[in-house]
1. For residues in segment 19-38 being outside any loop (DSSP other than H, G, I, E, B) and hydroxyl-bearing (Ser, Thr, Tyr), which is surrounded by the most Cβ atoms within 10 Å (Cβ to Cβ)?
2. Scan segment 87-116 for residues that are touching a Ser or Thr at 6+ places or on another chain (Cβ under 7 Å) and either among the small types (Gly, Ala, Ser) or touching a residue at least 40 places away in the same chain (Cβ under 8 Å) (or both) and jot them down.
3. Any idea which residue in segment 79-89 is modelled with the highest pLDDT, counting only those that are part of a loop (DSSP other than H, G, I, E, B) and in contact with a helix residue (DSSP H, G or I) (Cβ under 7 Å, 6 or more places away or on another chain)?
4. I'd like to verify a number: residues in segment 39-78 that are among the aromatic types (Phe, Trp, Tyr), more than 14 Å from the chain's Cα centre (by Cα) and either assigned to a strand (DSSP E or B) or farther than 23 Å from Ser98 by Cβ (or both), how many?
5. Give me the residue from segment 90-105 that is at pLDDT below 90 and not polar (S, T, N, Q) and, out of that set, farthest from the chain's Cα centre (by Cα).
6. Got a sec? Which of Ser108, Ser75 is at pLDDT below 90, of a type in the set (Gly, Ala, Ser) and loosely packed, with under 14 Cβ neighbours inside 10 Å?
7. Six or more apart or on different chains, Cβ under 8 Å: which pairs go from a residue in segment 45-64 that's without any contact (Cβ under 8 Å) to a residue 60 or more places away in the chain and over 15 Å from Ser84 (Cα atoms) to one that's among the charged types (D, E, K, R) and surrounded by 11 or more Cβ atoms within 10 Å (Cβ to Cβ)? Could you list them?
8. Failed condition for Val119, given (1) hydrophobic (A, V, I, L, M, F, W, C); (2) surrounded by 13 or more Cβ atoms within 10 Å (Cβ to Cβ); (3) touching a residue at least 60 places away in the same chain (Cβ under 8 Å), with all others met?
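The values are calculated or read from the model by the stated rules, or taken from the named source; none is laboratory data. Since the model is a prediction, treat every value here as computed from it, not as a measurement. Neighbour counts run over all protein chains shown; Cβ positions are idealised from the backbone, glycine included.
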Amino acid sequence: MKQLFAFVVFSCILIFNSCSIPNLYENDDILVTKELLKLRITNNSNETIYYFIVEQETAAVINWAPTLNGPSIQSGKHAIVQNSDIFVAENQTLKKGSKVIIYYWTSSLKSIYDVNGFVIEL
C-alpha cells in the first residue's frame, strides 16, 4: 500500500512539472510567460522598465514614441497584462496565435536605439 501511495505521489509530481507554463521570452532584463488571456512580465533588471505592447499588424500602421509616463514595472517586480490591454487596431482582434510585439526601455533612454523589442505568439 505504501508503494502504491509513493507511486501515485511521484506520478502527480511528474505530471505537474511536465505541465508547467513555458517562457515565451526571456533575457537578462525581462521574462514573459503566458497565463490564461494574459501575459506576466517580470522585470529582472536593476532599473524600472517601461513597456508598450501592440499587435504585430497594428504596429506596422501606427506612430508611437517611448514615454516615461506609460505602464512600468519596478526592478524585481512583475506586471499582469490582460489581452484586452494590448493595443490593437479597430479592425483587428486578438486570438490564439496572434503575434504581438513587446517594446520595453528604461528611464536611461537616450535615443530610439535604446528601445528593445521582441515578438511573441499568444
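1. Residues of segment 19-38 that are outside any loop (DSSP other than H, G, I, E, B), as a first pass: 23-26, 30-35, 38.
This time we only want the ones that are hydroxyl-bearing (Ser, Thr, Tyr), so: 25, 33.
Numbers: Tyr25: 15, Thr33: 17.
My answer is Thr33.
2. Ala89, Thr106, Ser107
3. Val88
4. 0
5. Applying the filter and picking the extreme gives Glu90.
6. So the residue among Ser108, Ser75 that is at pLDDT below 90, of a type in the set (Gly, Ala, Ser) and loosely packed, with under 14 Cβ neighbours inside 10 Å is Ser108.
7. Close Cβ pairs (under 8 Å, with a partner that is among the charged types (D, E, K, R) and surrounded by 11 or more Cβ atoms within 10 Å (Cβ to Cβ)) amount to Ile49/Asp29.
8. (2) is the only condition that Val119 fails.
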